[in-house]
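Take a look at the structure below.
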Amino acid sequence: MTIKVGDRMPSGTMHTMTSEGPKPVSSDELFKGKKVALFSVPGAFTPTCSAKHLPGFVNKSGDLKAKGVDTIACMAVNDAFVMGAWGKDQSCGDKVLMLADGSAEYTKKLGLEADFTGYGMGIRGKRFSLLVDDGIVKAVNVDEGEFKSTSAEAMLAQLG
């Protein structure tokens, strides 16, 4: 079942790259007591994700934080090493937390997995964004084709 507005974010663990190596990030650590803009891409270093999706959130990070967002997080079904390298390549710095969901476990808990086996990519995540306030989902956006409703600009519009 797909996560929806009003649902509590499921418990789970993702990973982020640190100077000491991959570090687990629990959903409680990520969402408890915070307003989080979480967006997911089908894959790091892929065309739309690298040209538009991630750069949009990096460039609009100040605007999002001015509207009360505490954490901006990018998640993909890639490993922490790939997500760390992509974050460096895209100059994310501390603007966007890069989260690896290497086996798609958390993505599946959200009900937002996609089968890209036909493209040689296996099970990935759909292109989506969630606005989460203290663990409760306030907005769910899923792009089924054209990149539009999951952009940083769309998230800013939802924040008012």
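Readers should treat all values here as calculations from the given coordinates under stated rules, not as data from a laboratory. Quantities reported herein were computed from a predicted structural model and do not represent experimental measurements. Every residue, glycine among them, receives a Cβ derived from its backbone with ideal geometry; neighbour counts consider all protein chains shown.
Think of the chain as a dipole: +1 on every Lys or Arg Cβ, -1 on every Asp or Glu Cβ, centred on the Cα centre; then among MET17, VAL36, SER91, VAL36 lies furthest on the positive end. The order of THR150, THR13, going from fewest to most other C-beta atoms within 10 Å of their C-beta, is THR13, THR150. The calculated pair-distance distribution of the range 22-87 uses every alpha carbon pair, bins of 5 angstrom beginning at 0, and gives 3, 16, 25, 24, 20, 11, 1 percent.
Annotation: the antiparallel percentage among DSSP beta bridges lying fully within the chain is about 70.
Remark: the range 60-68, residue by residue, has Karplus-estimated 3J(HN,Hα) of 9, 4, x, 5, 5, 5, 5, 8, x Hz, where x stands for each Gly or Pro and the curve is 6.51 cos²θ - 1.76 cosθ + 1.60 at θ = phi - 60°.
At a 10 Å Cβ-Cβ cut-off, how would you order ILE136, ILE72, ILE3, fewest neighbours first? Can you show the working numbers first?
Values: ILE136 13, ILE72 22, ILE3 18.
Listing ILE136, ILE72, ILE3 from fewest to most nearby Cβ atoms yields ILE136, ILE3, ILE72.
Calculated mean residue ellipticity, 222 nm, the chain: -6500 deg cm²/dmol, from DSSP H runs (n ≥ 4) at -39500 (n - 2.57) each, averaged per residue and rounded to 500. One Cα centroid belongs to the range 21-71, the other to the range 112-131; the line between them spans 17 Å.
Exposure proxy for LEU130, LEU112: other Cβ atoms within 10 Å of each Cβ, ordered fewest to most, give LEU112, LEU130.
What fraction of the Cα pairs in the range 110-160, stated in percent, has a spacing above 18 angstrom? Before the final figure, lay out each step's value.
Working: 504 of 1275 pairs.
The calculated P(r) of the range 110-160 puts 40 percent of pairs beyond 18 Å.
The value of relative contact order for the chain, using C-alpha pairs under 8 Å at least six residues apart, is 32 percent. Give the share of C-alpha pairs in each 10 angstrom bin for the range 1-114, from 0 to the last occupied bin, in whole percents, shortest bins first. Once binned at 10 Å, the Cα pair distances of the range 1-114 give 14, 48, 35, 3. Restricting the range 55-160 to GluC sites (Glu not before Pro) that sit in a DSSP loop and have at most 10 other Cβ atoms within 10 Å of their own Cβ leaves GLU144, GLU146.
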